[in-house]
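Below is one structure, written out as structure tokens; the observations come after it.
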């Protein structure tokens, strides 16, 4: 790999001879980690032309660096960063200037903080990772995804890769969603009523941005997806948390004056409760009486391995007041960041304009690769493979939980990839999670899912999408033993 000549420049106020400045410039690039071992430097001729100095000046600087083992020479091939160069393990350069800006005054709105916890990036190093939403690489069809990506890179698809679609989406992906994905949820929609987003999170943000402001009110589930609550907080709207029960969000608890209701009726997050049909109809009736809109996050309907899921709330909507959010991140892999919004044309038109002003459109190559993967049947095969594996893991997890005396607070009627757990009242699962890390177990504490100050501390979530069946019992045994040792 070659280092671009554009990387090099002489500071106007540089000290010392030109040779010394060039030598220092290269050495600093190596010491700060910008230049890596084995990378090729520009030729002395090219660098001299670029810097406007004589070639001999560059040659002498390179020679000095060669003598100090910062560089190595490979015959006529040129100069390279030496394998023995003192390269730091992390690129963390010294700031070029002092920061004299009062950012507390300059920033008009903050987005740090909130309740959304940070998952450990090294989760796969733990032997018992009961972490929700992570992909198991053994279940993913790498070979066919690679073939679809290569097909998307072909000359036939050159325009989808290189064109600035501005506010448009890949027609093949839209067609698959309209003809295949949505009908499985009972939803009929035209392409003009569908918008591709950078995952469900982006879809929820666009929706909240369009529908809420300081004069409007949002109702949401409690507990709920913590990023959802953080997002609503940033909208600065009035917020009403509604405590869910075994059937999800109770419609009668939605207060008068509510403008938008956010819910996960098919698989409540995180309790996994499924809203029955009678309550779904009651929710639609309540929204109609309040003239409110409903945002339905159908984030995990593909993981219905215990039976066919109920039709989506959107499929029962006759007023156009339900906005549907779907995602491929759970069924394919979270790093894909590909979701979609379904709603009435006036809403989607404004959502498309908002998306265009922010990111124009999700990358065309990713959309086309996903379109091929879905339309060629690989996606359905992937879902079947994942569902079979999750079903086996679910049975193993429930058996282990029963065997070791733990308590399940919520389990999805149709499947899913997690269990909502309840520890004894005296257990603080934030502390429990830290204690479990020492024995190789990762769990998700539940307090962050709840709104308000008096949050229950004894709930936690166990995901089983990325832990092998063979390790489930050992992980559950460690959870039970840690609770007994420290909390009883």
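What number of residues in segment 25-37 are modelled with pLDDT of 90 or more and surrounded by fewer than 17 Cβ atoms within 10 Å (Cβ to Cβ)?
Qualifying residue count for the region: 0.
Quick test for you: out of 300, 296, pick the one residue that is modelled with pLDDT under 90 and under 30 Å from residue 458 (Cα atoms).
Numbers: 296 fails: modelled with pLDDT under 90.
One residue alone meets the criteria, 300.
Quick grid of which residues meet (1) in a helix (DSSP H, G or I); (2) in contact with a strand residue (DSSP E or B) (Cβ under 9 Å, 6 or more places away or on another chain); (3) surrounded by 15 or more Cβ atoms within 10 Å (Cβ to Cβ):
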residue	(1), (2), (3)
168	no, no, yes
172	yes, no, yes
177	yes, yes, yes
183	yes, no, no
210	yes, no, yes
219	no, yes, yes
228	yes, yes, yes
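Considering only segment 63-80, how many residues are without any contact (Cβ under 8 Å) to a residue 40 or more places away in the chain and within 17 Å of residue 4 (Cα to Cα)?
Total satisfying the criteria: 3.
Just checking, which of 323, 254 is under 18 Å from residue 188 (Cα atoms) and either at pLDDT 95 or above or not assigned by TED's automatic domain parsing to the domain that holds residue 223 (or both)? Show your work before the answer.
On the way: 254 fails: under 18 Å from residue 188 (Cα atoms).
Unique residue meeting the criteria: 323.
With (1) in a loop (DSSP other than H, G, I, E, B); (2) within 28 Å of residue 374 (Cα to Cα); (3) modelled with pLDDT of 90 or more as the list, and residue 164 as the residue in question, which single condition is left unmet?
(3)
Checking the structure you have, find out if any residue of segment 398-407 is more than 25 Å from the chain's Cα centre (by Cα), buried (at least 21 other Cβ atoms within 10 Å of the Cβ) and assigned to a helix (DSSP H, G or I).
Scanning segment 398-407, I find at least one residue that is more than 25 Å from the chain's Cα centre (by Cα), buried (at least 21 other Cβ atoms within 10 Å of the Cβ) and assigned to a helix (DSSP H, G or I), so the answer is yes.
Are there any pairs, at least 6 apart or on different chains, whose C-beta atoms fall under 9 Å, with the first in segment 183-200 and under 21 Å from residue 364 (Cβ atoms) and the second part of a strand (DSSP E or B) and at pLDDT below 90, and if so, which?
197/327; 199/327; 200/327
Within segment 64-73, can one find any residue that is surrounded by 15 or more Cβ atoms within 10 Å (Cβ to Cβ) and more than 19 Å from residue 86 (Cα to Cα)?
No: zero hits.
Does residue 392 satisfy being in contact with a helix residue (DSSP H, G or I) (Cβ under 6 Å, 6 or more places away or on another chain), surrounded by fewer than 22 Cβ atoms within 10 Å (Cβ to Cβ) and in a helix (DSSP H, G or I)?
On the way: in contact with a helix residue (DSSP H, G or I) (Cβ under 6 Å, 6 or more places away or on another chain): yes; surrounded by fewer than 22 Cβ atoms within 10 Å (Cβ to Cβ): yes; in a helix (DSSP H, G or I): yes.
So residue 392 passes the test.
Just give me the residues in segment 252-266 being surrounded by fewer than 18 Cβ atoms within 10 Å (Cβ to Cβ) and more than 15 Å from residue 223 (Cα to Cα), in sequence order. First the steps, then the outcome.
Going through segment 252-266, the residues surrounded by fewer than 18 Cβ atoms within 10 Å (Cβ to Cβ) turn out to be 252-253, 255-257.
Correct list: 252, 255, 256, 257.
The values are calculated or read from the model by the stated rules, or taken from the named source; none is laboratory data. Given the structure is predicted, the values throughout are model-derived calculations rather than measurements. Glycine also receives a Cβ, built like all others from the backbone with ideal geometry; neighbour counts cover every protein chain displayed.
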